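Quick note: the coordinates plus some simple rules give every number you see, no bench work behind them. Computed from a prediction, not measured in an experiment: that's the story for all the values here. Cβ atoms come from the backbone with ideal geometry, glycine included; neighbour counts cover every protein chain shown.
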Amino acid sequence: MFALPALVVYIAFLIYPALSSLFFSLTNWDGLSATYKFVGLENYVKLPSDPVVVEAVRNNLIWTVVTIAVPTVIGLALAIALNGKVHGKPILRLIFYTPAVLPLVSIASIWGWLYNPQYGAINSFLRLIGLDGLAQPWLGQDSTALWAVMVPAIWLRTGFPMLLYLAALQGIPNELYEAATVDGATRWQQFWHVTMPSLRPAHYIVLALSLIDSFKVFDMIYAMTYGGPGTSTQVMGTWMYFNVFQYYQAGYGTAIAVVITLVAIAVGIPYVRSQTREAS
Amino acid sequence: MTIAPVRVESAVPVEAQPATQQPKGRKGLVITLVLAVAAIFWISPLALLVITAVRPLSDFIGNGPLSWPDAFTWSNFKDAWGIGNFATTYRNSALLALMKVPLGVLISAMLGFALAKLRMKFRRTVMFTVFLGLTIPIYIAIVPVFIMMRQAGATDSLFGLIGPYLAFGIPFEVLVLQSFFRQIPDEIIEAAKVDGAGDWRVFFTMILPLSLPALVTVAILDAVATWNEFLFALILLNSDAHKTIPVGLLNFQGQFANNNTGLAAGILIAVVPILIAYTLLQRWIVGGLTAGATKG
């Protein structure tokens, strides 16, 4: 009785659609017509020979590595600094986490505006400090576009690891550091042998949730570059969208979605299992 | 890992500060300074946005984006408000959050209660399946959901968004709530049952009131996610009259590409409510997000 409403909604709007995507991915449906043909695995077989898929997979990989590694390291550094005797801790924490609550579309708008080749603050700043040569259309050229989209992603994703690490650091007992000091450990040794091992649960959560999150990338790319210039910033999520809603290849598009979802599930399962075990 | 909402500031005793973190005043000052510079840098995109939004376009173009304005004006906000159709998108986003969030928290709390405190068949399987939803990207569902809504005549309607929004919110809400419920001692539930209270009464008069902090945290995080959601809104809503803030902002961005000050004002209009809410409610948000980080 209690479980029913949520389970009905969950099955109707998440499980069922996900499974029917699996079905559509085995057809040649265009997304519009009333009929379609079952084509087996044809859509999946085509994937590796689609140059945009290759590019998208590469971009997804770069995105995952960079937007996990950089925010985690910066977040940890900020958390350690904030955990000391710092003035104005609440306001500093507030500032570093602020980007994370903004709509992704607004973050895309803000940074698109900062990157504006002519009137954007970034090129203006480079000209101001005499680096005119570095001013360039960051989002408008293949060589920089993906990196330019990852900068705001790092900006918004640093706050979460910072908060988690800060909470975890406050849970490390004082005695561990006192004992280490008595044993003559340097600050650096204390960091590697006391702080880092104590943060293991936090590392695990940060890594698991960031991984899960990074496969969902869509909004930022769509709103900032629309996959371009050319196809240089396409990721699996956007390429799926373009196939379904622009090129009317719903079958092929859903096959792309299925592949990335399976990867996301495979990567996320250890976390899901640990949470289930925790709760039983 | 226990996912139990703890409020960082209040939950952690002051003396738990690690011993390494006791530099003398001067060192603390140096770290503060470094952090302050980093914070200014971090917030500079938003600061620039505010400064640009309150200056005339001619002043912006004449003096460049990094200068202090010669003149101030509110007219950018007036222009952006009208052209960006913000009166409509605001109303739609608020309406959607008002309908979706209480409903989502209620049904998630019910499922969480069943998982945590009631005898239930296939409990582990249900739990695993629901938590698995955390990993599933929205775009796997958009094609079938789009078809479903078209058949139901619910495309281009805010009501069509409620189902998918609920479904994709449930995993996180259930995860947090059931772990909170589990910490409520079984004894008090047993005692109430001895006194003749049924499950519903236990749920509404004991579980929910005792879990108020968790419910508030989950509701806030859910409201932020609902306010910010983009992909479902993008594919299901067509007409300007039904668009939500993120979709409306995207259109607006296209129209104002050459009006930098108007664009800045429009972006600000879109994010100010969320910034205010975040500043006021940050303790709850921080508590909900860091839940589980402290315990192994």
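Counting only other chain Cβ atoms within 10 Å of each residue's Cβ, the peptide B:30-40 averages 5. Close amide H partners of A:Thr27, meaning residues 5 or more places away or on another chain with modelled amide H under 5 Å apart, are A:Val39. The angle between the Cα long axis of helix B:25-53 and the longest principal axis of the Cα atoms of chain B comes to about 70 degrees, rounded to the nearest 10.
Peptide B:248-256 is shielded by partner chain Cβ atoms: per residue, an average of 3 of them sit within 10 Å of its Cβ. Can you work out D for the range B:161-256 in µm² s⁻¹ from Stokes-Einstein, where Rh is the Kirkwood radius over C-alpha pairs, the temperature is 25 °C and the viscosity is 0.890 mPa s? Estimated via Stokes-Einstein, D reaches 151 µm²/s. Seen against the Cα atoms of chain B and their longest principal axis, helix B:142-151 is set at about 80 degrees. Over the range B:85-255, the Kirkwood radius and the radius of gyration, each from Cα atoms, give a ratio Rg/Rh of 1.06. What shape does the range B:24-78 have by the C-alpha gyration tensor, where a ≥ b ≥ c are the square roots of the eigenvalues, rounded means a/c under 1.5, and otherwise prolate means a/b greater than b/c and oblate the rest? Prolate shape, in that a/c is at least 1.5 and a/b is the bigger ratio. Could you tell me which of rounded, prolate or oblate describes the range A:1-106, using a ≥ b ≥ c as the square roots of the eigenvalues of the alpha-carbon gyration tensor, with rounded for a/c under 1.5 and, failing that, prolate when a/b is larger than b/c and oblate otherwise? Judged from the Cα gyration tensor, the range A:1-106 comes out oblate (a/c at least 1.5, b/c at or above a/b). Rounded to the nearest 10 degrees, the angle from helix B:212-228 to the longest Cα principal axis of chain B is 40 degrees.
For the peptides A:53-63, A:29-39, A:75-85, the ranking by packing is A:75-85, A:53-63, A:29-39, with the highest mean count of neighbouring Cβ atoms within 10 Å listed first. Computed packing ranks the peptides B:253-264, B:268-279 as B:253-264, B:268-279, most packed first, by mean other Cβ atoms within 10 Å. Per-residue shielding of A:161-167, expressed as the average number of other chain Cβ atoms within 10 Å of the residue Cβ, stands at 5. Could you give P(r) for the protein assembly as shown, binned at 20 Å from zero, as whole percent values over all Cα-Cα pairs? Going from the shortest bin to the longest, the percentages are 19, 52, 27, 2. Computed 3J(HN,Hα) for the range B:181-190, one whole-Hz value per residue from the Karplus formula 6.51 cos²θ - 1.76 cosθ + 1.60 where θ = phi - 60°, is 4, 5, 7, 6, x, 5, 4, 5, 5, 4, glycine and proline marked x. Each listed q (0.07, 0.09, 0.13 Å⁻¹) maps to a log10 I(q)/I(0) for chain B, found by the Debye formula over equal Cα scatterers with no solvent: -0.39, -0.63, -1.07.
Could you work out the local net charge near A:Arg277, counting Lys and Arg as +1, Asp and Glu as -1, over the other residues with Cβ closer than 14 Å to its Cβ? Once positives and negatives cancel, what remains is +3.
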